[in-house]
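The values are calculated or read from the model by the stated rules, or taken from the named source; none is laboratory data. For clarity, every value in this text was computed on a predicted model and none was experimentally measured. Quick reminder, even Gly has a Cβ in these numbers, built from the backbone with ideal geometry, and neighbours come from all protein chains shown.
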Amino acid sequence: MIAAPPISGGAVVLTYHPHDFQRLFHASAAPLRVCMAGTRGGKSRAISVECQIAMMKMPGSVGLIISPDYPQHNRNLRPYLDELLLPIGKYSERDHKYELKNGSVAWVLYADKPNSMRGVGADWVCGDELRLWTREAWQVVQTRMDKTWSRFWGATTPNGRDWVWEEFLEGSRSVNRYGVEEVHPDRNRRKAVWVWKTVDNTAVPGMAEVVANMRETQPAQFWRQEYEASIEQFTGAVYPDYGDDHFIDAFEIPNWWERVIGVDTGASDPTAMAAFAVSPEGVWYQYGESCERGKTTPDRHATLTELIGDALYWTVRVGDDAKQEMLDLEAMGMPVTPAARDFISRYSRVTDALRTERYKVFRTCEITDQALRRYVWPPETEGGSQRDRKPLHGQSDLPDAIGYAFGADLSGSRPPRPAAAVGPTWDSVVRLIKRARHPVGAGPSLRLGWG
């Protein structure tokens, strides 16, 4: 019979002061534990501390630390892990592995590559942002916890009735004396989940004010999901704030206003483009659109050239899954910027702009007007699951292009820059250099703002 790793004596000294909800999470003896909390609720720090405790108290143990993907891990979980583990161990960039002097090892893996997790038995597994995992990834993880003492702890923000809800929350609930929901779907109490709000994280000063401000700009359902850890099913219009007040008469746009063009490429789907001019006050005016099937790269280049016109400053943003298309446009002299395909971020930015009257659509953009009004969430499926949390696919071409544009890294507004302004911007210089490197079929001439 295989013996469990020994539990070393002595208390683990932590420079960590958990709030009441984190304390309950740490104190539980349930083999499968999940903290489901609002954004910045302290859930990722809690599971990172569990990793430290396991590695220090179980010499020679093997653990798996699993994030949705590599960029997400570096942004979210790794800063906590490095803070906790590097003072007492080391990390191998080549092997993606933490190791302590007592022989404990923790491998860093990614849920977007489930097959990479096969073949590794684990004493414990730590999973971050479970809502971004697929059910397949969770099923593979379960096969890795192949010891009687194997433990799992995870962290996530709710994502409707997805697989996390079905696996951990679809069961009886009880409220303990601290007012925290402790969920035990299994009668043998193998699973335990704690649910808390963002404002319950007392370690971050001013959090209540931040959450209150977000409530003014975010969609109500989205705000409840992200900050109150509420299980929400999104229904109806995606952008209910869009209306007649946002559909305005066209006017002549100064050529020194920043132009941003979002592009959603399509093979079988239409290629959609949404062109914006950003005023010095930070208002985004959509002055151009295109949504056509059968577009080739030269066709897209020609349409982009027409939409850019005589603008002095412009950015083209393409969904980052269209890597070959971006390379082809670059080769034709059209510098582009990849736009992240994270729908929630796009949805949040566009909603904020609509609510604060910073997004206007010219009446010449009739297709956009119709697309925004018809853009709806899918009906709830029979099983109650909306795994991808995205609107109906057939309506998403132009709205996706709009979302890509709103991901542009602008400071909200640019200072007035008439033709007599002094010198080019740094972005303009970079684009000019790229043009010089790719002279074939060079796009619209880049005129710098010297007057």
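For the stretch 66-77, the tally of residues that are surrounded by fewer than 19 Cβ atoms within 10 Å (Cβ to Cβ) and in contact (Cβ under 8 Å) with a residue 24 or more places away in the chain stands at 4. Taking the listed residues 204, 199, 195, 175, the one that is farther than 30 Å from residue 281 by Cα, of a type in the set (A, V, I, L, M, F, W, C) and at pLDDT below 75 is 175, with no other qualifying.
Do we find a residue being buried (at least 18 other Cβ atoms within 10 Å of the Cβ), at pLDDT 55 or above and of a type in the set (Asp, Glu) anywhere in the stretch 373-388? Checking the stretch 373-388: not a single residue is buried (at least 18 other Cβ atoms within 10 Å of the Cβ), at pLDDT 55 or above and of a type in the set (Asp, Glu). A single entry from 321, 352 fulfils the requirement of being part of a loop (DSSP other than H, G, I, E, B) and modelled with pLDDT under 85: 321.
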